[in-house]
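Step one of this worksheet: look at the structure below.
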Number of protein chains: 6
Amino acid sequence: MDEGAALERGRQRMLEIHGERSLATIEGLGDLGRMILEVAYGDVYSRPGLALRDRQIATVAVLVALGRSSQLPIHLRSSLKAGLSVEELQEVILQTSVLAGFPQAMNAWSTLKTIASDPDGT
Amino acid sequence: MDEGAALERGRQRMLEIHGERSLATIEGLGDLGRMILEVAYGDVYSRPGLALRDRQIATVAVLVALGRSSQLPIHLRSSLKAGLSVEELQEVILQTSVLAGFPQAMNAWSTLKTIASDPDGT
Amino acid sequence: MDEGAALERGRQRMLEIHGERSLATIEGLGDLGRMILEVAYGDVYSRPGLALRDRQIATVAVLVALGRSSQLPIHLRSSLKAGLSVEELQEVILQTSVLAGFPQAMNAWSTLKTIASDPDGT
Amino acid sequence: MDEGAALERGRQRMLEIHGERSLATIEGLGDLGRMILEVAYGDVYSRPGLALRDRQIATVAVLVALGRSSQLPIHLRSSLKAGLSVEELQEVILQTSVLAGFPQAMNAWSTLKTIASDPDGT
Amino acid sequence: MDEGAALERGRQRMLEIHGERSLATIEGLGDLGRMILEVAYGDVYSRPGLALRDRQIATVAVLVALGRSSQLPIHLRSSLKAGLSVEELQEVILQTSVLAGFPQAMNAWSTLKTIASDPDGT
Amino acid sequence: MDEGAALERGRQRMLEIHGERSLATIEGLGDLGRMILEVAYGDVYSRPGLALRDRQIATVAVLVALGRSSQLPIHLRSSLKAGLSVEELQEVILQTSVLAGFPQAMNAWSTLKTIASDPDGT
């Protein structure tokens, strides 16, 4: 399979997971965006060995633990689309809080609350 | 429910998840161990809102991302007991690698490999 | 003592340390807020073994080192109330800067400067 | 050489690297600003053993990896002045992304894009 | 005051705080060791605005939160010499655990336990 | 170009940069090793826009700042092979120390010292 195929597969996977606006954002990031599409979406997120729902548990937990607040909202929205409930995402935040501290968890909880009240919002 | 109940519930939950040796270790940590039993095991890990298997996905992802290598082996073993396969745990590490970098993931992959070949080991 | 007692003790302790507005914020965080009140305020902050002033030295140092900027202002204000002077808090930031780098310390110093000129402010 | 000399040397070095506005900012940070001028600029940045361009590669990589977003824009601008091209700085971000994860790199790439279109801007 | 004076003051301060073996270690680190002596010990640790005991509260909290395990033992020993009791250091670890997670705190608690049973040890 | 080509290019690039032993290690890491070869070595490290020497400045700085001690020795050795002198690598560590704190830098300085006295060693 050629690299163009990985890129195209990444575009499709990102569209399914995050939607058109996210794809447009990532395509505005030049070679970094290309690499994220090929590697994170065309490769990792396209692997059959773990359900999307489970990948989102890991992703949300890591973003909360590392305090990556910029990428958290889009991944919380995609997690809801992938079948995780608001309550399950709250549990993921609680689970992370004992491993990475309460301050990070507080910010994440507030972000989730906002998104839960407007899951399709800007 | 009194606090002694939270502690006792935490002890039971830790026994179920990690086994006797881990409980002995945690009980050697004084008030910190007591707090971990009450809060992490008697409260968070005892909540019904998320399956143990899913909690372990979050836990392993966070430990890998933060480089908490001391606690990773015991949680990898408990993840296998909780129903995650070696292959699924590899996927969790791959998912984490794109969010937190390859160096952390390399160490975690090696640890998992060792544990997979001796899941009940020391 | 029952868990409701830990929660109530946490509420009282948070009121003493941070005031009503912070309590309202934390009570808006559902089970995470409940857990923070029980564990951080009803347990840790209520323990007699270390003065509140000393706990705030540790807290401010950790928030600066980890770059937890959302929680820093409220803890700087509470540190002033707990008896630390602006000058002592500056020393805590300087001490942290050699352990965690200058960039974090610069942000914290600016935040402290703003708060020092308006300790009761929004 | 006396400490006043280290401070004066730091002021000159900071002026050369970042310009007047940055010097004014740092001089508003009291003893922390004085220490940064003496140590980071009067000592480290004044050492002959590594070119300024190379120091900026290290600096940008570390700021991206640690997510120190407040200090990144000024160091990206100074890196351009020190002879690194926008394309080379993009490579530094790509190199960092495999070590520290894509989320940090995405934020940095966007910041660089903004600065590249207005290198002398506010 | 000349820079040689800052270095000499740093040597004296390090001797007082950590003892001869630590000074020998730091003097084996070339220009980095010289910079640490001048800046951390000749400047920050020599400032009158905060007691040594209080500086050690901040230092231990930051080392625990960031997982800097190599430097933790020597700073725990120096904290005992500076007047903090084992019980107070345990409180610092508990305080840090709610801000930075339990795994880091567990390692620190064990290290402290070892040191408490042999405060002058190797 | 097909993905097998990226993998093969990554193998060649890793051999040039780190040598056979490292390639054997990475090939023992299953799909993670394959991804690192394709992405980090077949893609990023194979890009013409930044010299290998400059990529190693960024890499060493990030590994020091994040405390990734497992991967530091091999990258220090490869940096020497890529044309950085021991003295330049010391400057990279000093530059990183003001951004990420002295404790990380101390460990890195010691590692570099060991490697400098035995650059081809185990």
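The values are calculated or read from the model by the stated rules, or taken from the named source; none is laboratory data. Here the structure is a predicted model, which is why all the values come from computation and not from measurement. Note: ideal-geometry Cβ built from the backbone for every residue, glycine included; neighbour counts use all protein chains shown. Quick note on the areas: whole protein, heavy atoms, side chains included, nothing else; ligands and nucleic acids left out. Shrake-Rupley method; radii C 1.70, N 1.55, O 1.52, S 1.80 Å.
Okay, here's what the table says:
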read-out: Test for A:S70: is it within 9 Å of another protein chain (Cβ to nearest Cβ), under 19 Å from A:D120 (Cα atoms) and free of Cβ contacts under 8 Å to residues at least 60 places away in the same chain; value: yes
read-out: Selection status of A:E20, open to solvent by 50 Å² or more (accessible area, probe 1.4 Å), more than 28 Å from D:E91 (Cβ to Cβ) and away from every other protein chain (no Cβ under 11 Å); value: yes
read-out: All helices (runs of 4 or more DSSP H) inside the stretch F:29-109 with 2 or more residues being buried (at least 24 other Cβ atoms within 10 Å of the Cβ); value: F:52-66, F:72-81, F:86-100
read-out: Sole exception among (1) within 9 Å of another protein chain (Cβ to nearest Cβ); (2) without any contact (Cβ under 8 Å) to a residue 12 or more places away in the chain; (3) in a helix (DSSP H, G or I); (4) open to solvent by 10 Å² or more (accessible area, probe 1.4 Å) for D:L15, by number; value: (1)
read-out: Qualifying residues in the stretch B:2-12 (those that are more than 14 Å from chain A (Cβ to nearest Cβ) and within 30 Å of B:E88 (Cβ to Cβ)) - the one surrounded by the fewest Cβ atoms within 10 Å (Cβ to Cβ); value: B:Q12
read-out: Where a residue in the stretch D:78-99 is more than 8 Å from chain F (Cβ to nearest Cβ) and touching a residue at least 40 places away in the same chain (Cβ under 8 Å) and its partner, wherever it lies, is assigned to a helix (DSSP H, G or I) and of a type outside the set (F, W, Y), with Cβ under 7 Å and at least six apart; value: D:S78/D:I17; D:S78/D:H18; D:S78/D:Q56; D:A82/D:L52; D:A82/D:R53; D:A82/D:Q56
read-out: Verdict on F:D54 being facing another protein chain (nearest Cβ under 7 Å), touching an Asp or Glu at 6+ places or on another chain (Cβ under 8 Å) and over 16 Å from F:K113 (Cα atoms); value: yes
read-out: Matching entry among A:S110, A:S70 (being among the hydroxyl-bearing types (S, T, Y) and under 16 Å from the mean Cα position of the chain (by Cα)); value: A:S70
read-out: Some residue of the stretch C:109-118 being under 22 Å from D:G30 (Cβ atoms), at the interface with another protein chain (Cβ under 8 Å from one of its Cβ atoms) and touching a residue at least 12 places away in the same chain (Cβ under 8 Å); value: yes
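A quick yes/no check of all residues on (1) at pLDDT 95 or above; (2) out of contact with any Leu (no Cβ under 8 Å at 6 or more places or on another chain); (3) at positive phi:
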site: F:G33; (1), (2), (3): yes, yes, no
site: F:A40; (1), (2), (3): yes, yes, no
site: F:Y45; (1), (2), (3): yes, no, no
site: F:A51; (1), (2), (3): yes, yes, no
site: F:A65; (1), (2), (3): yes, no, no
site: F:R77; (1), (2), (3): yes, yes, no
site: F:S85; (1), (2), (3): yes, yes, no
site: F:T111; (1), (2), (3): yes, no, no
site: F:G121; (1), (2), (3): no, yes, no
